[in-house]
Structure formats: structure tokens, C-alpha cells
1. Note the direction-averaged projected area, equal to a quarter of the hull surface, for the Cα convex hull of the stretch 1-126, in nm².
2. What is the Cα coordinate range of the stretch 94-138 on the first, second and third principal axes, sorted by size from largest, in whole angstrom?
3. Given 0.36 nm per residue, what is the gain on full extension from residue 157 to residue 101 after removing their alpha carbon distance, in nm?
4. Please compute the modelled spin-label separation between residue 150 and residue 131, points set 7 Å along Cα→Cβ, answer in nm with one decimal.
5. Subtracting the Cα-Cα distance from 0.36 nm times the residue separation, let me have the gained length for residue 32 to residue 238 in nm, one decimal.
6. Between residue 180 and residue 123, 0.36 nm times their residue separation minus their Cα-Cα distance comes to what?
7. Which whole-number percent gives the relative contact order of the chain, counting Cα pairs below 8 Å spaced six or more residues apart?
8. Between residue 227 and residue 77, how high is the FRET efficiency from 1/(1 + (r/R0)^6) when r is the Cβ-Cβ distance and R₀ = 25 Å? Nearest 0.05.
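No value in this document is a laboratory result; all are computed from the given coordinates. From a predicted model like this one, the values you see are computed outputs, not experimental measurements. Methodologically, a virtual Cβ is constructed for each residue, glycine included, from the backbone with ideal geometry; neighbour enumeration extends over all protein chains shown.
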């Protein structure tokens, strides 16, 4: 493993990592990453309209629109990569496509706990939208796709509109399955205890890149990214070092 503080010392520059949060989440999810990630990886959390510091902005009509608006605000200056968690992985994939099309392809893309876009169907998420608020949160918590502590939070009703809005984005998502695979290295991460995204399902991401695609497991459930940040940090540093050495 490359020591975290030696990556830039190989003659390369630090890698900027744009991070897209999970459904119901905000850029605040990655604040700890900004504090604790080694200097080799510069974390830039991305905020989607309708949550966090952009709460007052109108929500996007589609997942593709969310990606387009994020792409408009990204002007790469040096090495960069994109990471998306859960729903954020779908946005990250669309974002990587948009930036590649305009000539600013990322060094690599990481999708974490995200089902491949060609395996998504309206039937997976649309029925959830008909559930009453409490049952919706309970169902999502049972499936591990929202933190269980949210059920005990006195503020939980404040999260329901954001979660419903994100479920609508996912249920309405119609990816272009005829699009050419990305010319970008792709890494698909999953938690060993996450029933929603087992390794055989995550392997489906291989059809969405014509470069190498790695499927990698981490201990933990749907939120392994934050439950085991030390493992995630080490792997990101390795990916950044690989990019440096490949240049």
C-alpha cells in the first residue's frame, strides 16, 4: 500500500475527488472526509438542489438534470475523479458521461452501493412512493438504505420530503442504455452486509465502461463508506497513486 503522504511525492499532484451523496443525504455527509482524508486526495462534496445549503432551490425534475447542473459547476483544474454513493452513484455515472462528452473525462469513477443503471426498473422504487411516511421510513430502514437512527430522530419528518423526492428521481430515471460505454476506469464498491447490492449485481457495471472495471467488497452494510472510512481512505489513496504512476 502506498503511504498516504507519499502519493504526491511520486511526481504527481493531489487528486480532486468530487463526491455525490446518497438519497436523502447532503454534502454534509462528506464533511468528515474533508477533515480526515490525506492530502493526496482533496474531497469536494457536491450538493444537489433541494437539500443542505441548497434547500431553498427548486428540486430537479430528473436525475439527468441533477447531473447536468452539477456538471455546469465543475471546471477541472488538474487530476480529478468522481465518487457517488447509492443514488449518488447514478448521478456520478451521468456526470462522468457529461464531462467526458465535453472533453473533461475523469481519471476514474467510483460507484458505491449503487445498482447498475440497466438493472433499475420503476417497479423497484415506485411502490415505495405510495407508502405513508412512517411505513416508508421503516421499509427503507429494514432494507438498510437509510440509517436506522433516523427512525428514532425527532426530526425525521423533515427528511421525508427529501427522501420522497429522491425516490421519485430514481423511479423516473431512464438511462440511455444505447450509449457507448465510458472510456473511464470504473470501480464498483459494495458492503458485504448490504443485500441491495451484492457483488454479482455490482459486476453488472462492467458493461458501462470499456476500460478496466473492478468490483470490490468492504465490511459493512449500505453505509460502509462512512462506517469504515479507514478502509475507504486507504483504497482511495491507492487509486490516486495508480493514476499518478500511470501518467
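1. Working: hull surface 35.4 nm².
Mean orientational projected area (the stretch 1-126, Cα hull): 8.9 nm².
2. Extents along the principal axes: 45, 17, 16 Å.
3. Details: separation 56, 0.36 × 56 = 20.16 nm, distance 3.96 nm.
Full-extension gain reported as 16.2 nm.
4. About 1.1 nm separates the two model spin labels.
5. Details: separation 206, 0.36 × 206 = 74.16 nm, distance 1.95 nm.
So the chain would gain 72.2 nm between residue 32 and residue 238.
6. Numbers: separation 57, 0.36 × 57 = 20.52 nm, distance 2.58 nm.
Result for the pair: 17.9 nm of gain on full extension.
7. Numbers: 435 pairs, mean separation 51.8, N = 247.
RCO, the chain: 21 percent.
8. Working: r = 32 Å, r/R0 = 1.28.
Computed FRET efficiency for residue 227 and residue 77 comes out at 0.20.
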